[in-house]
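Working notes, structure below.
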Amino acid sequence: LAPYAIVGFAPQTLLTYAGLEGSSAINLALFNSAIPVLIVAIAAVAHRRRPRLLESVGLALSLAGVVAIVARGRWSTLASLSVNPHDLVILVAMGVWAGYTVMLAARPPTLSFHAFMFAAGALGLAMIAPFVAWEALHAGFAWPAPAALAATAYLALLPTLVAMLLFARGIERVGPVQAGLFTHLVPVFAALLATITLDERLQAYHAVGFALVAGGAVLGCLRPERE
């Protein structure tokens, strides 16, 4: 159970929230669209299977979309190596989540579904605890205000517990590749909520990046008919 906790329950969440400190909700949502292609790539490596032609084209397109978002639509950004490091942290978190998705499809059947999720979640909590203690010692600890407590309760119950349970159940029913396709709904909801509640603005490079990443994901997840 420890590998599932290490990959799915500890670093992905930690990296995502750390990246959001210097990035935007829209960027995070768009990077979610790279997950289906990352799933195809990781599954190909894990099962020693070369990607098919459509999968290779999809990987290339999605990589171009990610580069467009990271570079904020300006090639000079890459030339000057002035890429936002927080965006890179978020991108690493997406790769971690894709790896967890592939692993989850082959989870051990010796535990029931709910027992597996509880055990892996408890291990993940134990792995994050030292970081919490380190931060409390070096940066101090302040009791959260009521609004912060309410936000924490929301994050714990809905995006963490309920969402992960539903996502894991979906993988169990339809497999990691098909489940990964539904991550393309994340930018739709996130962009809408970010523009309404955070006053963030969609830029042209967001649209270009999303089109490339989503198009690459569709190509990468197409399954040719068996001979």
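The values are calculated or read from the model by the stated rules, or taken from the named source; none is laboratory data. This structure is a prediction, so every number in the text was calculated from the model and none was measured. Glycine gets a Cβ as well: all are built from the backbone with ideal geometry, and neighbour counts include every protein chain shown. Quick note on the areas: whole protein, heavy atoms, side chains included, nothing else; ligands and nucleic acids left out. Shrake-Rupley method; radii C 1.70, N 1.55, O 1.52, S 1.80 Å.
Of everything in region 214-227 that's assigned to a helix (DSSP H, G or I) and surrounded by fewer than 18 Cβ atoms within 10 Å (Cβ to Cβ), which residue is modelled with the lowest pLDDT? Lay out the reasoning, then the answer.
First pass over region 214-227, keeping only residues assigned to a helix (DSSP H, G or I): 214-221.
Add one more test, that the residue is surrounded by fewer than 18 Cβ atoms within 10 Å (Cβ to Cβ), and what stays is 215, 218.
Details: GLY215: 76, VAL218: 72.
The residue in question is VAL218.
Could you please find all residues in region 1-44 being more than 24 Å from GLY175 (Cα to Cα) and aromatic (Phe, Trp, Tyr)?
Within region 1-44, just TYR17 meets the criteria.
Taking ALA119 as the residue in question, decide whether it is modelled with pLDDT of 85 or more, among the small types (Gly, Ala, Ser) and surrounded by 14 or more Cβ atoms within 10 Å (Cβ to Cβ). I'd like the intermediate steps shown before the answer.
Numbers: modelled with pLDDT of 85 or more: yes; among the small types (Gly, Ala, Ser): yes; surrounded by 14 or more Cβ atoms within 10 Å (Cβ to Cβ): yes.
For ALA119, the condition - modelled with pLDDT of 85 or more, among the small types (Gly, Ala, Ser) and surrounded by 14 or more Cβ atoms within 10 Å (Cβ to Cβ) - is met.
Anything in region 185-201 that is open to solvent by 50 Å² or more (accessible area, probe 1.4 Å), at pLDDT 75 or above and not basic (Lys, Arg)? List them, or say none. Explain how you work it out, then say what you get.
Here is the first cut: in region 185-201, the residues open to solvent by 50 Å² or more (accessible area, probe 1.4 Å) are 185-186, 188-189, 192-193, 195-199, 201.
Retained after the next criterion (residues that are at pLDDT 75 or above): 193, 195-199, 201.
Listed by number, the residues that qualify are LEU193, THR195, ILE196, THR197, LEU198, ASP199.
What is the one condition in (1) at pLDDT 75 or above; (2) closer than 26 Å to ILE196 by Cα; (3) among the small types (Gly, Ala, Ser) that ALA60 does not satisfy?
(2)
Kindly indicate whether ALA119 is under 26 Å from ILE42 (Cα atoms) and assigned to a helix (DSSP H, G or I). Walk me through it before giving the result.
Numbers: under 26 Å from ILE42 (Cα atoms): yes; assigned to a helix (DSSP H, G or I): yes.
Criteria met by ALA119.
Taking the condition assigned to a helix (DSSP H, G or I) and modelled with pLDDT of 75 or more, does PRO130 pass? Spell out the reasoning first.
Numbers: assigned to a helix (DSSP H, G or I): yes; modelled with pLDDT of 75 or more: yes.
Criteria met by PRO130.
I'm checking my understanding of the structure. Among residues of region 183-213 that are in contact (Cβ under 8 Å) with a residue 60 or more places away in the chain and outside any helix (DSSP H, G or I), which one is farthest from ALA25 (Cα to Cα)?
GLN203
The conditions are (1) modelled with pLDDT under 85; (2) surrounded by fewer than 11 Cβ atoms within 10 Å (Cβ to Cβ); (3) in a helix (DSSP H, G or I), and LEU137 fails exactly one of them. Which is it?
(1)
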